[in-house]
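The values are calculated or read from the model by the stated rules, or taken from the named source; none is laboratory data. Predicted model only: the values in this text are computed from it and were never measured. For neighbour counting, all protein chains shown are included, and Cβ atoms are generated from backbone atoms with ideal geometry for every residue, glycine included. Areas reflect the complete protein model, heavy atoms only, side chains present, ligands, DNA and RNA absent. Shrake-Rupley method; radii C 1.70, N 1.55, O 1.52, S 1.80 Å.
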Amino acid sequence: MILGMHAAVRSRVRDVLVELYGLGPDRQPDVAIQYPPDRAMGDLGVTVAFELARVLRKAPRAIAAEIVGALGAIDGVERVEPAPNGYVNIFLDRARFARRVLAPPPSATGGGRGIRKAIVEHTAINPNKAAHVGHLRNAALGDTLVRLLRFLGVPVEVQNYIDDTGVQVADVVVGLRQLERLSLEAVAALAERPRFDHYCWDLYARVTAWYDEDADRLAHRAGALHDLETDTDPTARIGRLVADRIVRCHLATMDRMNVEYDLLTWEGDILRLHFWSRAFDVLKETGAVRLETTGPQAGCWVMPLDGNAPPEDDPGAGEGGPKSRSKVIVRSNGTVTYVGKDIAYQFWKLGVLERDFHYHPHGVQRSGRPLWSTTSGAGETAPDGAAFGRADAVYNVIDTRQAYLQQLLKQALTAVGRAAEAERSVHVSYEMVALSPTTARALGHAVDSQADRPFVEVSGRKGLGVKADDLLDRLTEAARGEVVARHADLSADGAEATRIAKAIATAAIRYFMIKYSRGKLIAFDIDEALSFEGESGPYVQYAAVRAANILRKLYEREGLNDETLTAALTPLPAGPLAGPGDGTATWALLLEAARLDEVADQSIRAIELSVLAKYAFGLAQAFNTFYHRCPVVNEEDGPTRLWRAGTVLYCRLQLTRALALMGCEVPPRM
């Protein structure tokens, strides 16, 4: 696509800077490439003359003229012109470029960015209740990041961390034993019922209220947490049963979102295989932690803090006082804090621990991709000769409230002499998800009409939230109603209507979750997400479907499919692409469609996935404008009709690829 053209232009310009000015690679400015606002000014614009003006003590326009005079021929470029203001304007060979982007099959670009393997950890829902709407943002961001990295040629391992020994699981175990008075056998039977995760959602809220009624009841939580960490039955067996069943429910929910993983990593295995013990040894050997002998942290192993003290809402902020300049890693009673377990996990991901899990197959996902799970018992040392962990780069997709913890992980790596690994540990943070007042009311939540905020906060701990499955069900039914209303031959309970509705619902949620900047709090709105005419996933899907319909009509009239249409363009002159008016419109759409690889690259460089969503929406808008302005099937001039059809074909392919990068499918009709 367009990045190949960028590379060719950039390489030749750099050669010219050496030839003309003796500027070696270490002295050259960045050769930035932009897009002129009008195609009459060129297809690409190089700005290097502006950066060189001060160094060379020349006017940018003079430098641009010198560069243009020395460039010579560039493969795929028709001509190069210096602009009066100092730009170097590149005019592409339009017909050749069009044939080139249409001919090859899609392939990974970018050469893997120099990364042997990346690990992306995302989703990581506590296995104590159903997934909620906020988890969908995490999964949508994480899965889109995975797809973009793979698109750019980076091998990616996708991990889903399961905190099966944490306080949330402990609370559900307390609820089952103290509130429900259930035995292990009774819990096992209950867990086999449909939507056990929804049952635990309500139970978790009840336990929270039960604690609030009497603080002494928190002793039950402490006891359950200790039993989980020390693998003491029956609490540990109940905890494992609950976590296993709810993780399977979570996987089913994420399958509805087209999200898959490579490995489920269980916190219990980190403890049972003594990963933390090894990480603790490394921290002590390098002096990264110390044992406090006096003060409020006496008896604790702590890590001195770089930068700011812990935030007030840090779960361990009270351990050592609010102004403490050190973080407790191991409490005085010998139990490890959540930070310690996360340090051990991060060390393993990057190959610092020099030990490994055992593994066993967890199942096969819808795409046919195998899913593996860690185990502390007997298992395979590595599936099919592959190895998990030991990544060059790690991306942790965790909400912004965990920014302090993620910084501690980087600090721990630096403290043990792994500064390079710390630099390659990336926190992909994001803000919370709330509901719009309209959506909150539609989902049965009471909304204060006097509230001064344009969103309604939710809380899973209090049972005030939206289960992911419920939201997907609601959107699917709304999409079904819209599609059936548009197509008289579809029945509401038919298989085709169901498939289409599911595809639209998934696109509605996934697009909504990534179209905003990661740092922006979003208020999910059902009507906005499902709109066929606004900035939404369904709008982009509709443009792809419309393009497919044009090509279907062309096939019915002329028998041209994708392959024969592409072949028919080979002998055609570029006139219909080069002329003013509609010819420029055709070329402008084709050039914009070719920018997908550039946009993917920008999205990864900035770790800002909204760039991809905005591009897809803009391309859909541009296509719809072209659709209304430039007829295809009814165009009388043969070459013009074929070039327009080729542009529609390429636009459909690129819209489909962009949607796929966001985890969305193109339905057969809408």
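Some observations on this one:
- Cβ-Cβ under 6 Å pairs, at least 6 apart or on other chains, region 470-484 side assigned to a helix (DSSP H, G or I), far side open to solvent by 50 Å² or more (accessible area, probe 1.4 Å): LEU472/ARG256; THR476/LYS502; VAL484/ALA492
- Condition met for LEU551 (under 26 Å from GLN654 (Cα atoms) and part of a helix (DSSP H, G or I)): yes
- No other residue among ALA488, ALA529, ALA497 is out of contact with any Phe, Trp or Tyr (no Cβ under 6 Å at 6 or more places or on another chain) and at pLDDT 95 or above apart from ALA497.
- Filtering region 142-155 to residues that are in contact (Cβ under 8 Å) with a residue 60 or more places away in the chain and not in a loop (DSSP other than H, G, I, E, B) leaves GLY142, ASP143, THR144, LEU145, ARG147, LEU148, LEU149, PHE151.
- Contacts under 6 angstrom Cβ, first residue in region 584-601 being within 15 Å of PRO37 (Cα to Cα) and touching a residue at least 12 places away in the same chain (Cβ under 8 Å), partner open to solvent by 20 Å² or more (accessible area, probe 1.4 Å) and of a type in the set (Gly, Ala, Ser), 6 or more apart: LEU589/ALA622; GLU592/ALA622
- Any hit, region 442-458, residues being open to solvent by less than 60 Å² (accessible area, probe 1.4 Å), part of a helix (DSSP H, G or I), touching a helix residue (DSSP H, G or I) at 6+ places or on another chain (Cβ under 6 Å) and at pLDDT 85 or above: no
- Restricting region 1-58 to residues that are open to solvent by less than 50 Å² (accessible area, probe 1.4 Å) and of a type in the set (Ser, Thr, Tyr), the residue that is farthest from ASN89 (Cα to Cα): TYR21
- The set of residues in region 336-361 that are part of a loop (DSSP other than H, G, I, E, B) and surrounded by fewer than 17 Cβ atoms within 10 Å (Cβ to Cβ) comprises GLY351, GLU354, ARG355.
- For region 229-249, a residue qualifies if it is of a type outside the set (Val, Ile, Thr) and open to solvent by 10 Å² or more (accessible area, probe 1.4 Å), and the qualifying residues are GLU229, ASP231, ASP233, PRO234, ARG237, ARG240, LEU241, ASP244, ARG245, ARG248, CYS249.
- Test: VAL364 is aliphatic (A, V, I, L, M), under 20 Å from GLU285 (Cα atoms) and either more than 23 Å from the chain's Cα centre (by Cα) or open to solvent by 60 Å² or more (accessible area, probe 1.4 Å) (or both): no
- Among the criteria (1) at pLDDT 95 or above; (2) in contact with a strand residue (DSSP E or B) (Cβ under 8 Å, 6 or more places away or on another chain); (3) part of a loop (DSSP other than H, G, I, E, B), the one ARG181 does not fulfil is (2).
- Residue ID - nearest to ALA391 (Cα to Cα), chosen from residues in region 112-141 that are out of contact with any Asp or Glu (no Cβ under 8 Å at 6 or more places or on another chain) and part of a strand (DSSP E or B): GLU121
- Every pair of residues 6+ apart whose Cβ atoms lie under 6 Å, when the first sits in region 20-48 and is assigned to a helix (DSSP H, G or I) while the second is among the hydrophobic types (A, V, I, L, M, F, W, C): LEU20/ALA70; ARG39/ALA588; VAL48/VAL31
- Boolean, ARG453 is among the basic types (Lys, Arg) and free of Cβ contacts under 8 Å to residues at least 40 places away in the same chain: yes
- Filter result for GLY86 (outside any helix (DSSP H, G or I), open to solvent by less than 10 Å² (accessible area, probe 1.4 Å), free of Cβ contacts under 8 Å to residues at least 60 places away in the same chain and not hydroxyl-bearing (Ser, Thr, Tyr)): yes
- Taking first residues from region 192-208 that are without any contact (Cβ under 8 Å) to a residue 60 or more places away in the chain and partners that are basic (Lys, Arg) and buried (at least 16 other Cβ atoms within 10 Å of the Cβ), the Cβ contacts under 6 Å between residues at least 6 apart in sequence or on separate chains come to PHE196/ARG245.
- Residue, surrounded by the fewest Cβ atoms within 10 Å (Cβ to Cβ), within region 160-186, restricted to residues that are closer than 30 Å to VAL120 by Cβ and charged (D, E, K, R): ASP163
- Hits in region 507-552 - residues which are among the polar types (S, T, N, Q), under 21 Å from THR144 (Cα atoms) and open to solvent by 20 Å² or more (accessible area, probe 1.4 Å): SER517
- Of all residue pairs spaced 6 or more apart or on separate chains, those with beta-carbon atoms under 8 Å, a first member in region 278-293 that is on the phi > 0 side of the Ramachandran plot and a second member that is assigned to a helix (DSSP H, G or I) and open to solvent by less than 80 Å² (accessible area, probe 1.4 Å) are GLY287/ALA415.
- Breaking point among (1) at pLDDT 90 or above; (2) among the hydroxyl-bearing types (Ser, Thr, Tyr); (3) more than 30 Å from ILE500 (Cα to Cα), for TYR261: (3)
- Pair list, Cβ < 7 Å and 6+ apart or interchain, from region 510-538 residues that are touching a residue at least 24 places away in the same chain (Cβ under 8 Å) to residues that are of a type in the set (Lys, Arg) and buried (at least 19 other Cβ atoms within 10 Å of the Cβ): MET513/ARG137; GLU535/LYS515; GLY537/ARG510
- Number of the exception - GLY389 against (1) free of Cβ contacts under 8 Å to residues at least 12 places away in the same chain; (2) at positive phi: (1)
- Matching residues, region 590-603, being part of a helix (DSSP H, G or I) and either modelled with pLDDT under 95 or open to solvent by less than 10 Å² (accessible area, probe 1.4 Å) (or both): LEU590, LEU591, ALA593, LEU596, ASP597, VAL599, ALA600, SER603
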